[in-house]
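Worksheet for the structure shown next.
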Amino acid sequence: MAQIFPRWTNKTPRVILITAVTAFAAIVAFFWYFGSPKYTDAGYRPVQPVPYSHKLHAGDLELDCRYCHWAVEISESANVPSTQICMNCHSLILTESEKLMPLRESIGNNVPVQWIRVHMLPDYVYFDHGAHLNAGVGCVTCHGNVAEMEIVSQISPLSMSWCLECHRNPAPNLRPVDQITNMNWQPPEDQKSFAEQVLKEKNIYPPVACSGCHR
Ligand code: HEC
Ligand code: HEC
Ligand code: HEC
Ligand code: HEC
Ligand code: HEC
């Protein structure tokens, strides 16, 4: 009997199936990757390679944020501490701890601990920690009360509208520069006149033009 379809069409259903499965997998991968919390902002809270607790170290032990994030006032980005800073204490404290094994390996092999980034702006946005801290915006305003966090979680959306909301009216978020790492500082009753004075003295004009943040 004459064939209605040529022989090669036997393969067609398989090709269609394979193409469909591949396309489906690509779509799933796309949403998996770009839809993951890292890209949808607030609430992102990855598990770190060492169960380091800010609540213990910055809260209970009252270490100042700058003991570890020492570059935060003088540079664009806050540094994550080197293992050596941890070893200032942990070469003496809990030297046998299982949980601190990755620290000892890091020092021994001279490779940094692979901390997972929590906060991350897109490359096309310019942000400078130093400029904000020197103007008197505290860590807690953008990061929440980190000293109470067992695991750091992103609490602000880091969206353009979030930046702009403060840039249009920074006054309520200004504090004395010696209080920037204080998680419990409360604005005084005369915050308004304090802020007015600071805005004038330091000549503070947060950028609202596009080129301020997209350089
Ligand atoms: C003993 C050292 C130490 C001290 C003190 C400390 N931190 Fe950290 N911080 C770390 C380490 C290590 C990480 C990376 C691991 C993690 O995210 O928990 C980190 C991460 C962070 C992150 C998340 C960074 C990211 O990847 O986006 C923020 C925000 C932060 N710290 C803020 C603070 C604030 C605010 C204080 C003061 C209240 C503080 N830290 C005190 C060691 C420290
Ligand atoms: C100023 C001293 C000091 C520094 C600096 C320090 N720690 Fe600690 N750490 C302590 C103390 C004190 C404890 C609690 C000891 C206890 O529970 O008896 C502790 C506990 C820990 C624990 C819990 C371990 C366990 O077995 O329960 C981890 C994990 C830890 N630190 C990680 C770090 C990391 C990572 C760094 C550097 C980013 C660091 N520490 C820096 C003093 C310090
Ligand atoms: C005006 C808001 C703001 C303030 C104030 C602020 N941060 Fe941040 N922080 C951010 C943003 C936004 C990022 C993400 C930066 C990026 O991806 O380039 C970030 C990232 C970080 C990181 C991750 C490493 C890095 O630099 O990207 C650490 C650690 C950190 N901040 C610590 C601190 C500490 C400690 C303070 C207070 C001394 C502080 N921040 C004050 C907004 C702020
Ligand atoms: C809580 C208030 C607040 C938030 C939130 C905030 N800023 Fe700012 N920003 C300021 C203040 C105050 C200044 C200082 C302006 C000055 O000194 O004239 C500033 C300055 C800047 C500057 C100028 C710095 C320089 O070196 O010229 C840039 C760029 C900037 N902010 C970007 C951002 C971006 C991007 C975000 C969001 C991811 C953000 N800011 C979120 C308050 C804020
Ligand atoms: C105060 C800082 C700041 C200023 C000023 C600013 N942007 Fe943005 N912009 C951001 C941040 C932060 C993001 C990243 C938002 C995110 O990842 O959710 C962004 C994202 C964007 C995007 C990417 C699209 C999107 O929504 O994700 C565009 C386009 C953009 N900005 C255009 C502009 C234009 C046009 C202006 C001037 C009218 C401007 N921006 C002014 C901070 C700023």
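Quick look at the values:
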item	result
Members of region 90-117 that are touching a helix residue (DSSP H, G or I) at 6+ places or on another chain (Cβ under 6 Å) and in contact (Cβ under 8 Å) with a residue 60 or more places away in the chain	VAL113
Checking ARG117 against (1) basic (Lys, Arg); (2) more than 16 Å from ligand 2 (Cβ to nearest atom); (3) open to solvent by 50 Å² or more (accessible area, probe 1.4 Å), the condition it does not meet	(2)
Some residue of region 64-75 being more than 18 Å from GLN114 (Cβ to Cβ), of a type in the set (Asp, Glu) and open to solvent by 70 Å² or more (accessible area, probe 1.4 Å)	no
Pairs where the first residue, in region 54-77, is over 10 Å from VAL146 (Cβ atoms) and within 16 Å of ligand 5 (Cβ to nearest atom) and the second is part of a helix (DSSP H, G or I) and modelled with pLDDT of 95 or more, C-beta under 9 Å, 6+ apart	GLU76/HIS129; GLU76/GLY130; GLU76/ALA131; SER77/HIS129
Test: residue in region 126-138 that is at pLDDT 95 or above, within 14 Å of the chain's Cα centre (by Cα) and either acidic (Asp, Glu) or over 18 Å from VAL208 (Cα atoms) (or both)	yes
Failed criterion for CYS86 (all others in (1) part of a loop (DSSP other than H, G, I, E, B); (2) of a type in the set (A, V, I, L, M, F, W, C); (3) more than 16 Å from ligand 5 (Cβ to nearest atom) hold)	(1)
Residue satisfying condition, being within 14 Å of ligand 3 (Cβ to nearest atom) and at pLDDT below 95, within set SER77, SER82	SER77
Subset tally (residues that are within 8 Å of ligand 1 (Cβ to nearest atom) and open to solvent by less than 40 Å² (accessible area, probe 1.4 Å)) for region 79-103	3
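Yes or no, residue by residue, for (1) surrounded by fewer than 17 Cβ atoms within 10 Å (Cβ to Cβ); (2) free of Cβ contacts under 8 Å to residues at least 12 places away in the same chain:
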{"residue": "ASP128", "(1), (2)": "yes, no"}
{"residue": "CYS139", "(1), (2)": "no, no"}
{"residue": "ALA147", "(1), (2)": "no, no"}
{"residue": "GLU150", "(1), (2)": "yes, no"}
{"residue": "PRO157", "(1), (2)": "yes, no"}
{"residue": "GLU189", "(1), (2)": "yes, yes"}
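The values are calculated or read from the model by the stated rules, or taken from the named source; none is laboratory data. In this text, all values refer to a predicted model and were calculated from it rather than measured experimentally. Cβ: placed from backbone, ideal geometry, glycine included. Neighbour counts: every protein chain shown. SASA here: full protein model, heavy atoms, side chains in, ligands and nucleic acids out. Shrake-Rupley method; radii C 1.70, N 1.55, O 1.52, S 1.80 Å.
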